[in-house]
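Asks: Before I ask anything, here is the structure I am working with.
The values are calculated or read from the model by the stated rules, or taken from the named source; none is laboratory data. Predicted model, so just to flag it, every value in this text is computed and none were measured. Cβ: placed from backbone, ideal geometry, glycine included. Neighbour counts: every protein chain shown. For accessibility, only protein heavy atoms count, side chains too; no ligands or nucleic acids. Shrake-Rupley method; radii C 1.70, N 1.55, O 1.52, S 1.80 Å.
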Amino acid sequence: MGISSPGIGSGLNVNDLVSRLMAAESQPLTNYDTKTGVYQGKLTAYGQVSSAVSSFQSALSTLNSTNTFSALTASSSNKDMLSATASSGAVPGKYKINVTQLAQAQSLMTGGQASTSKQIGDGSKTTLTFQFGSVSGGTFGTTGNALSAGVASAGIASGSLTINGTAISTNGTTRSARDLAQVINDESKNTGVTAKAGITTTSATLFAGFGDVTVASGGSYALSIGGVKLAGSDGSTTVTAASIDAALATNGVKDGLAAANITTSGSAANGDLQFFAADGSNIGITEAVSGSVTGGIGLSSSAANAGSQATVTAGVTLSSSDGSQIVVGGNNPAAAGLTAGSAGSYIGTGFVQDGSQASGTVTLDTKDQTLQGVRDAINKANIGVTATIVSDGSDNPYHLVITSNKTGAKSSMKIGVDGADGGPVNAGIASLVGYDPNGAQNLTQTSGAQDTKLTMNGITVTSSGTTVDDVVQGVSMDLSATGSTTLTVGQDTGSVTTAINGFVKAYNDLNTTISKLTAYDATTKSGGVLQGDSAVRAIQTQLRRTLGTPVEGLNSNMTNLTQVGIAFTQDGSLKVDSSKLNAALASNFNDIAGLFAAAGSATDGGIKYVKSGTATQPGEYAVSVTKMATQGTLTSAGALTGSTTIASNTSWTVTLNQTDPATDSKVQNIKIPAGTYSNDQLTSMLRAAINGNSTFSGAGDSVETSIDATGHLSLSSAKYGESSNIAIASVTGTPVSDLFGGAAPVKGSDVEGTIGGVAATGNGQTLTAADGSKAAGIQLTINSGIAGDRGTVTFSQGYAYALNNLASSFTGKNSLLASKTDGLNTSIKNVADQRDRFSQHLTQVEAMYRAQFTSLDSMVTSMQSTQSYLTQQLAAIAANR
């Protein structure tokens, strides 16, 4: 095919002609572009308004939170000891805080092992049960031996004894347990150890077989106890056991013994007379004899008595103030009845399980029965303790250390060891980690569980942690050391002032944005992009109307912005009068929260206001409860006897809060720790055992236990409502029927009632006002009380809450601005579609012009060719004439 170039043959400039024609034809494209530009300008302007509204909402978020208006600060004069934060409910003031003890967690350590990987015991599958509670009675420390006769005579030499590295000031006058306890207690602040003298006690057989005392002429006999003369004879009388008892009944002897802090029990006649010095003083026993005397202590009536003297002593018991090991040292600690080295265990104590803390079980298979295997199994079980291995560098260096994850006196551990699945227990494991404060203590306590102890303005307070809440109402204190400080709680008006000024600035920025976009400039005779736009003007109008309308439903006299110094200026912006705002904060601080945030309150103390909804209208609404929520409960058929024994290897299947359709995880096998329990101990143990199941706790399922006044045991789901249920079945060991008989569980039910006279929706203890009612969205928790009229709930919408909802209606889905921007985007698309169609039309027109000019070009070229031919022919004819 040949190459064609329009106009070459004819001389016509076809391309130029077509271009000029198409330029004229394309003129309407400019109109389309102009329209698009106008629409895009408005779209950009709406975007600016939307952005300004969003910024305004962000500024409202702080004022819309009631937490902002707690606005309290808490400061400590000793920041190294205490820091604090204050929340709503705190009362401004100064409080003197004196901390004498910080809470700590219990830590237990095994004896040293030569290897971390060597199997312990015989490999029998074994279960460890961890229970948490408090140690009651007794003490943690060590008891020394009675002092020697030499000490009673010469005392304890200086340098003989140190406790926790501190020298104890013993000397030649330290001759009794009483003396020793006193000098030890003189150093308690440095050692953390106190001493208590034991009771000095004479032998129970001291007067067994007492021989009647006969004194020959010229002789004498005198019996003294603790320096008090009980009997004597110069030969005129016989001293008998009966006469000694008679002497003990006289006022003179009784007063003398009392002055010496000596008490008695038994009688000489019965041979069981004993003397006691409760303060640990020595008791001297003296038979002073002269001449010929027969009979007396330990002698027959005919046996000669040459006189006797003995001193009875006691030892001391050392107690660690924080449950740590006591390190005994010195040149001769044995003189004080003590042994050099570390010592400390519970003496004479009991263990009371805390039912609020879940028990935990760890099953040790044969592969787990090494030091590191036990450690890993405990940590993997995630039962509230942490196990580690430490090395002390000795021949048997490795110790397993088990530490409770919680602090506080109620977090002491009791570790039971039992065979698994009905099998025998691994005795090696039991001797390694078995621990009972009231029994065998195979682990060494290196740190005792203890509470924080402090006083607030002289009031004694204890806490399980170093973070102490609400000792001063609404204040949380973080304690890091013992000592004294002054805690000052004051109103932080600065945070509220900052929030209010931020709100005013954001409103003014929004107002300025709208004003610029809608304004008319008389000088340039040009208007803003959105001049006359009804939607944007509506935003401005609604905001101003809301800001000028008093807040409804407040139980205070503060209902409008002018009362806190916020007012409109002539140009429509807001201005804050700082003096008026500060005065309002000083005099009506507690009322300002309701002026800005949404607030709700119930008159009934057993009802808690939870939240409202966007449809909730301000007002006061009556609350009536027709049915209280209940828990799923299993109650024993008969009363407990007061002592219940759980056999070894007892496990039950517990079904808790089962769903429909059923969920497998709602059914768990629970190991029930063996032992004999009182009623209170039983409830604590059951609650802790079930709540210790990680599957239950992970799903938020737990139980509560109680014993009613008639002795019936109740086990309930902690949840309320129709989803609350519980059932128990026996697996091994003690059957469930031993405790509950043939009792059947009862399913829970939801609360029922009305809010504002309209039936509300119950879910557990939560009652939610019905949609469509004025109270719609109000949610209440009915915590306690009985069915019936329960007062009212009041709801108010503060300015920040109302403005936030209003702003959401401007920018959210189907909102004013969204509708406008959607319309503009549609218009831009329509113009683009029209432009595309017109462009397609222009393409067709251009093709038509080119076809026409190409045809003309061909015609002209043909005519020019004909002209040339004719010219040549005519010239030839003319030449031939």
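Residues checked against (1) over 43 Å from the mean Cα position of the chain (by Cα); (2) open to solvent by less than 10 Å² (accessible area, probe 1.4 Å); (3) among the hydrophobic types (A, V, I, L, M, F, W, C):
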site: 105; (1), (2), (3): no, no, yes
site: 124; (1), (2), (3): no, no, no
site: 138; (1), (2), (3): no, no, no
site: 142; (1), (2), (3): no, no, no
site: 152; (1), (2), (3): yes, no, yes
site: 158; (1), (2), (3): yes, no, no
site: 170; (1), (2), (3): yes, yes, no
site: 186; (1), (2), (3): no, no, no
site: 193; (1), (2), (3): no, yes, yes
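Asks: Within region 309-391, which strands (runs of 3 or more DSSP E) (wholly inside it) include 1 or more residues that are buried (at least 20 other Cβ atoms within 10 Å of the Cβ)? So that I can check it myself, show each step before the final result.
Replies: Numbers: elements: 316-320, 326-329, 341-343, 345-347, 350-353, 360-364, 385-391.
It comes to 316-320, 326-329, 345-347, 350-353, 360-364, 385-391.
Asks: Taking the residues in region 633-655 that are surrounded by 17 or more Cβ atoms within 10 Å (Cβ to Cβ) and either of a type in the set (D, E, K, R) or touching a His at 6+ places or on another chain (Cβ under 9 Å) (or both) as candidates, determine which candidate is nearest to residue 709 (Cα to Cα).
Replies: 640
Asks: Assess whether residue 295 counts as being touching a residue at least 40 places away in the same chain (Cβ under 8 Å), more than 30 Å from residue 445 (Cα to Cα) and out of contact with any helix residue (DSSP H, G or I) (no Cβ under 7 Å at 6 or more places or on another chain).
Replies: Taking the combined requirement at face value, the residue satisfies it.
Asks: May I ask you to list the residues in region 611-634 that are under 13 Å from residue 755 (Cα atoms), in contact with a Leu (Cβ under 9 Å, 6 or more places away or on another chain) and assigned to a loop (DSSP other than H, G, I, E, B)?
Replies: Answer for region 611-634, where residues must be under 13 Å from residue 755 (Cα atoms), in contact with a Leu (Cβ under 9 Å, 6 or more places away or on another chain) and assigned to a loop (DSSP other than H, G, I, E, B): there is none.
Asks: Sticking with this structure for a sec: Which condition number does residue 119 fail, the rest of (1) more than 30 Å from residue 181 (Cα to Cα); (2) buried (at least 18 other Cβ atoms within 10 Å of the Cβ); (3) not aliphatic (A, V, I, L, M) being met?
Replies: Condition (2) is where residue 119 drops out.
Asks: Take region 66-101 and flag every residue that is open to solvent by less than 40 Å² (accessible area, probe 1.4 Å) and not in a strand (DSSP E or B).
Replies: 68, 69, 70, 71, 81, 90
Asks: Do you know which of the residues in region 791-806 that are open to solvent by 20 Å² or more (accessible area, probe 1.4 Å) and at negative phi is nearest to the chain's Cα centre (by Cα)?
Replies: 801
Asks: Do the conditions hold for residue 110, that is, is it at pLDDT 95 or above, within 30 Å of residue 344 (Cα to Cα) and open to solvent by 20 Å² or more (accessible area, probe 1.4 Å)? Spell out how you get there, then give the answer.
Replies: On the way: at pLDDT 95 or above: yes; within 30 Å of residue 344 (Cα to Cα): yes; open to solvent by 20 Å² or more (accessible area, probe 1.4 Å): no.
No; evaluated as a whole, the condition is false for this residue.
Asks: In region 421-455, which residues are surrounded by fewer than 17 Cβ atoms within 10 Å (Cβ to Cβ), under 31 Å from the mean Cα position of the chain (by Cα) and farther than 18 Å from residue 673 by Cβ?
Replies: Matches in region 421-455: 455 only.
Listed here are the residues, each with its yes/no results for (1) exposed (fewer than 12 other Cβ atoms within 10 Å of the Cβ); (2) out of contact with any Asp or Glu (no Cβ under 9 Å at 6 or more places or on another chain); (3) in a helix (DSSP H, G or I); (4) in contact (Cβ under 8 Å) with a residue 12 or more places away in the chain.
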site	(1), (2), (3), (4)
809	no, yes, yes, no
830	no, yes, yes, no
835	no, no, yes, yes
846	no, no, yes, yes
867	yes, yes, yes, no
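Asks: Still on this model: Please list, ordered by residue number, the strands (runs of 3 or more DSSP E) wholly in region 710-764 having 1 or more residues that are among the acidic types (Asp, Glu), touching a residue at least 12 places away in the same chain (Cβ under 8 Å) and out of contact with any Pro (no Cβ under 7 Å at 6 or more places or on another chain).
Replies: Once the strands (runs of 3 or more DSSP E) in region 710-764 are filtered for at least 1 residues that are among the acidic types (Asp, Glu), touching a residue at least 12 places away in the same chain (Cβ under 8 Å) and out of contact with any Pro (no Cβ under 7 Å at 6 or more places or on another chain), what remains is 752-755.
Asks: Also: Check off (1) modelled with pLDDT of 75 or more; (2) open to solvent by 60 Å² or more (accessible area, probe 1.4 Å); (3) in contact with a helix residue (DSSP H, G or I) (Cβ under 9 Å, 6 or more places away or on another chain); (4) hydrophobic (A, V, I, L, M, F, W, C) for residue 24 and give me the number that stays unchecked.
Replies: (3) is the only condition that residue 24 fails.
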